[in-house]
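Asker: Dropping a structure here in structure tokens format, bear with me for questions.
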Amino acid sequence: MTPETLPTAVNAIRDLHLGGVNLSMPLKKAVIPLLDHVSDCAKAQSVNTIVNRDGELYGYSTDGVGVVQALKHHTDLSQAHVLLFGAGGAAESAALALSDNGVGQLTIANRHVEKAQNLADRLSALTQVISLEDEAAVCAAVQQADVLINATSLGMQVQSELTPMPASAQLRADQVVMDMVYDPLVTTFLSQAKQAGVKTCLNGLSLLVAQGAASFELWTDTQMPVAEVEKHLAGLL
């Protein structure tokens with residue numbers, strides 16, 4: 001599907017009486033004007049989940065929920081210092097969810113500082129913005145962080161050798177490192193963390209399952225059997 005064919009596809013959700021669909025980039029922002037309602041957490045950001053309720057289409061973002069739920073299985077986010085790489089749609093969803101869940105401080109590292117600052121201004125958490133091009137500042141933020149999240153596309157497929165984190169960054173074994181990229185499952189970013197001895201490294205698959213579970217609940221009003229889904233996916237990969 002392309003942005004050009006998106007309006008036809010959205011109308012088909014109504015015409016075919018579909019319960020809903022999930023979306024991926026580059027459609028998450030483009031779909032917003034085509035919907036009847038958009039949740040507060042998705043407004044002006046991105047929609048990855050559409051729910052059809054009697055012909056009315058509702059847009060939600062479960063990406064941020066997925067990040068929080070995946071991390072909560074491994075660490076206490078309360079008062080944690082989180083370093084977030086990126087300020088795009090995925091980063092926006094993650095930042096808002098993390099802020100709503102009471103992280104102590106959020107540092108946003110992005111190539112375009114103004115874009116990161118615009119995001120920071122919308123958050124309730126204590127937020128710092130740094131440039132990805134300022135290696136010293138990024139390395140300092142890496143050392144201070146409890147949780148590090150790559151919400152950029154660096155490491156994905158054609159950019160598989162790239163990483164937002166400088167090679168000189170010093171990681172700690174007790175940190176939690178998450179990459180929102182799930183293809184490949186082990187990105188250069190995660191390889192950096194593993195080589196540094198970080199014990200908890202989460203790939204995008206854990207996030208994908210968590211956000212999928214949130215979408216499933218919106219569609220069906222029931223909880224998804226997460227453990228069974230993870231087991232099945234593990235057998236496929």
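The values are calculated or read from the model by the stated rules, or taken from the named source; none is laboratory data. The model shown is predicted, which means the values in this text are computed figures rather than measured ones. Every residue, glycine as well, gets a Cβ built from its backbone with ideal geometry; the counts of neighbours run over all protein chains shown. In case anyone asks, the SASA skips ligands and DNA or RNA and just uses the protein heavy atoms, side chains included. Shrake-Rupley method; radii C 1.70, N 1.55, O 1.52, S 1.80 Å.
Asker: Looking only at region 164-176, count how many residues are open to solvent by 40 Å² or more (accessible area, probe 1.4 Å) and either of a type in the set (D, E, K, R) or under 18 Å from the mean Cα position of the chain (by Cα) (or both).
Answerer: 2
Asker: Quick test for you: out of 82, 65, pick the one residue that is of a type outside the set (Ser, Thr, Tyr) and closer than 17 Å to residue 48 by Cβ.
Answerer: After applying the criteria, what remains is 65.
Asker: Could you figure out which of (1) closer than 16 Å to residue 84 by Cα; (2) in a loop (DSSP other than H, G, I, E, B) isn't true of residue 201?
Answerer: (2)
Asker: Right, here's the next one. Just give me the residues in region 13-34 being open to solvent by less than 30 Å² (accessible area, probe 1.4 Å) and over 22 Å from the mean Cα position of the chain (by Cα), in sequence order.
Answerer: 13 - this is the single residue of region 13-34 that is open to solvent by less than 30 Å² (accessible area, probe 1.4 Å) and over 22 Å from the mean Cα position of the chain (by Cα).
Asker: From the list 51, 82, 38, exactly one residue is surrounded by 19 or more Cβ atoms within 10 Å (Cβ to Cβ), out of contact with any Leu (no Cβ under 6 Å at 6 or more places or on another chain) and among the β-branched types (Val, Ile, Thr). Which is it?
Answerer: Answer to the check: 38.
Asker: Moving to a separate point now. List pairs: first residue in region 82-93 and on the phi > 0 side of the Ramachandran plot, second residue of a type in the set (Val, Ile, Thr) and not in a strand (DSSP E or B) anywhere in the structure, Cβ distance under 6 angstrom, at least six positions apart or on different chains.
Answerer: Listed by first residue and then by second, the contacts come to 86/152.
Asker: Considering only strands (runs of 3 or more DSSP E) fully contained in region 102-162, which possess at least 3 residues that are of a type outside the set (Asp, Glu) and open to solvent by 30 Å² or more (accessible area, probe 1.4 Å)?
Answerer: So the answer is 126-131.
Asker: Additional query: Of the numbered conditions (1) open to solvent by 70 Å² or more (accessible area, probe 1.4 Å); (2) closer than 20 Å to residue 72 by Cβ; (3) part of a helix (DSSP H, G or I); (4) of a type outside the set (S, T, N, Q), residue 97 fails exactly one; give the number of that condition.
Answerer: The one condition residue 97 does not meet is (1).
Asker: Between residues in region 200-223 that are more than 27 Å from residue 187 (Cα to Cα) and residues that are assigned to a helix (DSSP H, G or I), which pairs lie under 8 Å by C-beta distance while being six or more apart or on different chains?
Answerer: 222/216; 223/213; 223/216; 223/217
Asker: Kindly indicate the residue of region 177-202 that is among the hydroxyl-bearing types (Ser, Thr, Tyr) and farther than 20 Å from residue 77 by Cβ and also nearest to the chain's Cα centre (by Cα) among those meeting that condition.
Answerer: 182
Asker: Shifting gears a bit: Please go through (1) among the hydrophobic types (A, V, I, L, M, F, W, C); (2) buried (at least 24 other Cβ atoms within 10 Å of the Cβ); (3) more than 20 Å from residue 62 (Cβ to Cβ) for residue 87 and return the number of the only condition it doesn't satisfy.
Answerer: Unmet for residue 87, out of (1) among the hydrophobic types (A, V, I, L, M, F, W, C); (2) buried (at least 24 other Cβ atoms within 10 Å of the Cβ); (3) more than 20 Å from residue 62 (Cβ to Cβ): (3).
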